[in-house]
1. Set Lys and Arg Cβ to +1 and Asp and Glu Cβ to -1, take the dipole of segment A:145-251 about its Cα centre, and tell me which of A:Ile228, A:Gln168, A:Ile240 lies farthest positive.
2. Tell me, Kirkwood radius of the protein assembly as shown from alpha-carbon pair distances, in Å?
3. So what is the relative contact order of segment B:15-247, in percent, for Cα pairs below 8 Å that sit 6 or more residues apart?
4. Under 13 Å Cα-Cα from B:Lys132, which aspartates and glutamates qualify once same-chain neighbours fewer than 8 residues away are excluded?
5. Might you report the magnitude of the Cβ-based charge dipole of chain A about its Cα centre, with Lys and Arg at +1 and Asp and Glu at -1, to the nearest 20 debye?
6. With unit charges on the beta carbon (Lys/Arg positive, Asp/Glu negative), name the residue among B:Leu78, B:Val143, B:Phe101 whose Cα is farthest towards the positive pole of the charge dipole of segment B:15-247.
7. Using a 10 Å cut-off around each Cβ, can you sort B:Thr95, B:Thr233 from fewest to most neighbouring Cβ atoms?
8. Work out the length of the dipole vector of the protein assembly as shown about its Cα centre, built from +1 on the beta-carbon of each Lys and Arg and -1 on the beta-carbon of each Asp and Glu, and round it to the nearest 20 debye.
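Since every read-out is calculated from the coordinates, none of them should be taken as a lab result. These figures come from a predicted structure and were not determined experimentally. Because the Cβ atoms are built from the backbone with ideal geometry, glycine has one as well, and the counts that use them run over all protein chains shown.
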Amino acid sequence: MRIIDFHNHLGRHAEFMADDEINRFLKIMDASGIDQACINCIYHYSGDHREGNNYVSEIVKKYPDRFIGVAYVSPLYPEEVIDELNRAFDVLNLKYLKIYPNYLQKPVNDPSYFPIFEWGNSREIVIMCHASYIFDEPPYTRPKLFVELAKRFNKIKWVLAHSGNMKQGQIEAVSAAKQCNNIFLETASSWGEHGTIEYLVSEAGEDKILYGSDMPLLDARNQIGRIITANISNSAKQKILGENTAKLLNL
Amino acid sequence: MNNINLDFSPDVEVFDANISIGRRHNRRMPVDTTTQAIECLKRAGVSKALTFSTHSLYVDAQSGNNNLISITQNSNYLVPQLVCNPGFESFENFTSICTKFDIRSIRMAPKLHDYPFQHWMIDSWINWFKKKKISIWISVWEVNPSELYQVIAENQDVSFVLTEAHYRQSKWVLQLLKKLKNTYIELSRWALTDGISLLLDNIDEKRILFGSRFPDSPISPQLYFLHNCNLSTKTLSLICADNLKRLLHNENH
């Protein structure tokens, strides 16, 4: 079985006591049984998305069997975005795009994101976006906002990070995934109540759920434990832990 | 390729330091009966659980506590923990129930119950808990850190268990644990990266308690985490059950 962690970060972040010290990253991946981790850098110390993507690429080159690179762009710099997307996917060979509207302080369906989505639609890429409700205020990424986007930009495969996070958000996330074939749900969360994974699987379907840990904000051993100890079939666990991601990213 | 086992069960005895039972008035929980809760505990390999009433926490301590006592009285699985609301409870009534039913731990929730966690408000209660060697559970979301530090520092022969510590409070919780040896940490929301090693590097292993916060969190992921931290069987046993047994002063619970 190949385990792929869909959601991880590079960089340090004090609020979360997050430190990306790479040997510790690898140690925890090994202890969790994770073969490969998708890594993005949305809080590079330079504040420059290009530098963050370079850092991701550097780590992937150093550990090509362990890490899968993920691009990040910020619509705060619209004049740079398309060039950087072309470079990130065509030169650095990063595999999907992460966006984080909380930085922008505008909802995910704000028009400032549309050039990115139009580019993504033309390239039929995967985009993962933070999707959380009611944990984050204001609710820039509440899951129901993605339905309209997924219908309009229907060649993009949308991944809702955290599957909505809290129960109210999970209900919206499941509803969005049921309405749109191109919406998938990622599992990392420090909020999920008893039965969360079982709920996601029974409502959205085991083919639509992707295991992610959000390391180094959360420990992958705790997060993978949410899948391994869930009351679902072993075949569903295998899909969630890696098969679905491999299929989504054509790995 | 890895050899991960998809069927996990704990290797040691587990005594959960933090579960709640009871229906809620504002939403339907995935598990809301005692029978269902015990089934979930069994499935997770938990042999006992320190249990408080959600009604006690969110609505009224006295009526919730009374109901909890009736539910847990003949249970092999559920060990009662009373919720103490010093702003509304009768001291005589609360202490007499603690004595009658040999209650070994209580839970306080200053923010939810709208009272300052300061000596002029809680001294008489804390002094009684000290005399009876009753430990105090308090959620770190429920208290001002400065007030908490002051009360714990002034009562060093009372054991305080800090529950539900999340990465949001991790910085001050770690410092408080390092400074005050009469504090313990319950692990239900302690999911920060390498968080178990961080604790073991800074405080005695005897001050760490497994708790799940069930049903607001699942029981098993944190147990899985603990089982994959390369801990000795002794350390794992202390965290999963023995520390709690010792804290409750009652190996027979």
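1. A:Ile240
2. When all Cα pairs of the protein assembly as shown are included, the Kirkwood radius is 23.7 Å.
3. Relative contact order for segment B:15-247 comes out at 18 percent.
4. Candidates past the 8-residue exclusion: B:Asp102, B:Asp157.
5. Dipole of chain A, to the nearest 20 debye: 580 debye.
6. The listed residue farthest towards the positive side: B:Leu78.
7. So the ranking, lowest neighbour count to highest, is B:Thr233, B:Thr95.
8. It comes to approximately 740 debye.
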